[in-house]
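Only the coordinates and a few stated rules stand behind these numbers; no lab work does. Small disclaimer: the values here were computed from a predicted structure and weren't measured. Note that we place each Cβ from the backbone using ideal geometry, even for glycine, and neighbour counts take in every protein chain shown.
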Amino acid sequence: MRFLLVLFFLGMSTRLFACECTFLPLDDAFRNSEFVGIGTVKKVHAQDRSAKTKKVDFEVSKIFKGKKIDHFFFDFNPNNICMQGDLKEGEEYLMYLDRRYGIYRINLCLGRHFPVRYDYVMKRELGILQVLSSTSLKLSDSFRINFYDNDFFTKIGRLIIPKSSNDFGIYLVKYYSKSLKEVDTISGFDPVADFLIQSAIIHSNWNFEPRYDEELAFPVSFLIVLDRGYSSDDFFFSVSRSG
C-alpha cells in the first residue's frame, strides 16, 4: 500500500527572511526528509573550506520522523546572501533534514526549518507533525493527484469551517476503485465539518498521475491535511502540490 501526503494551506508564510527564501511545502519536506524534529543548536562550526557547508552540533529534544542525531550540515555560500545562514547558537529549531552522501543536511533557503519561538508557524505545524508521526505511515511520492481533474477541490473551496473548531483536519483515504472509497478521520475539525469533508471525498472523482511507475497499481491510500487558515476572511483551501 502506498501513501501520499496532500496538504491544503492558507496563510502560512514560507518567506521568513530578508533574502526572500521560499521554503519547501510541509508535505514535500516531511516526505523527503529522513529526520524531522526539534532540537537546540549547540555550536555552528567554521566553514569547511573544501565544501560549501557548515557543521552544526544539534541536541535533539523531539523526533517526529527518523532517529536521533547529534549534528548536521547546512549549505553555506558567503557570496550568496540567501545561503549565508541564519542559525543561532542556543536557539531551538524545528528542522527537516534530508540525507545525502551519508550526512544529514539542509539548504537553509530551499529546505524547511523554523525557530520554535515562531508561535504563528509552530502551533499548528507541531500539531500536524505529532499526528503524522503517530500514524506510522510510510509516505511516498510515487504517485500524485491530478488536482485539475478532481471536483473535490471545488467542493472543499465552498466549505466554511466554524471558527470554534480545531485548526486542522487529517483524513486517510483508501481508494480501491472508481466506485469504492473509504475515509477515516485521523484528526478532525468537528463532527459536522468532518462529515461534510468525508462526504465530499467519497462523492468526488479522483484521478491519479504515476510519478515514477508506468502504471498505478490499486489500491492506493493517501492523507489529506486540511488547514483552516489564519485569516478571518473566506476559508479557501489553496493547493500545495505533491511531487
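Quick one: Kirkwood hydrodynamic radius for the range 174-218, alpha-carbon pairs, angstrom, one decimal? Mind showing how you got there, number by number?
Working: mean 1/r = 0.0817 Å⁻¹.
With all distinct Cα pairs of the range 174-218 included, I get 12.2 Å.
For the pairs K43/K68; K54/K138; K62/K174; K138/K163, flag any whose C-alpha to C-alpha distance is greater than 24 Å. Over 24 Å Cα-Cα: K54/K138; K62/K174; K138/K163. The amide H of L24, built 1.01 Å from its N in the peptide plane, has G111, R112 as neighbours under 5 Å, considering only residues 5 or more places off or on other chains. Projecting the alpha carbon convex hull of the range 64-202 along each direction and taking the average yields 12.0 nm². Amide H contacts under 5 Å for H71: F58, restricted to partners 5 or more places along the chain or on a different chain, H placed in the peptide plane at 1.01 Å from N. Using θ = phi - 60° in the Karplus curve 6.51 cos²θ - 1.76 cosθ + 1.60, the 3J(HN,Hα) couplings for the range 124-130 round to 7, 4, 5, x, 5, 4, 4 Hz; x is entered for Gly and Pro. Scanning residues 5 or more positions from I186 or on other chains, those with amide H under 5 Å from its amide H are I170, Y171, L172, with H placed 1.01 Å from N in the peptide plane. The base-10 log of I(q)/I(0) for the range 130-196, evaluated at q = 0.21 Å⁻¹, reads -1.21 [Debye formula, identical scatterers on Cα atoms, solvent excluded]. The distance from the alpha carbon centre of the range 134-198 to that of the range 96-129 is 24 Å, rounded to a whole number.
Using the per-residue mean of other Cβ atoms lying within 10 Å as a proxy for protection, in what order, highest first, do the peptides 91-103, 33-45 fall?
Values: 91-103: 16.2, 33-45: 17.9.
In descending order of packing, they fall as 33-45, 91-103.
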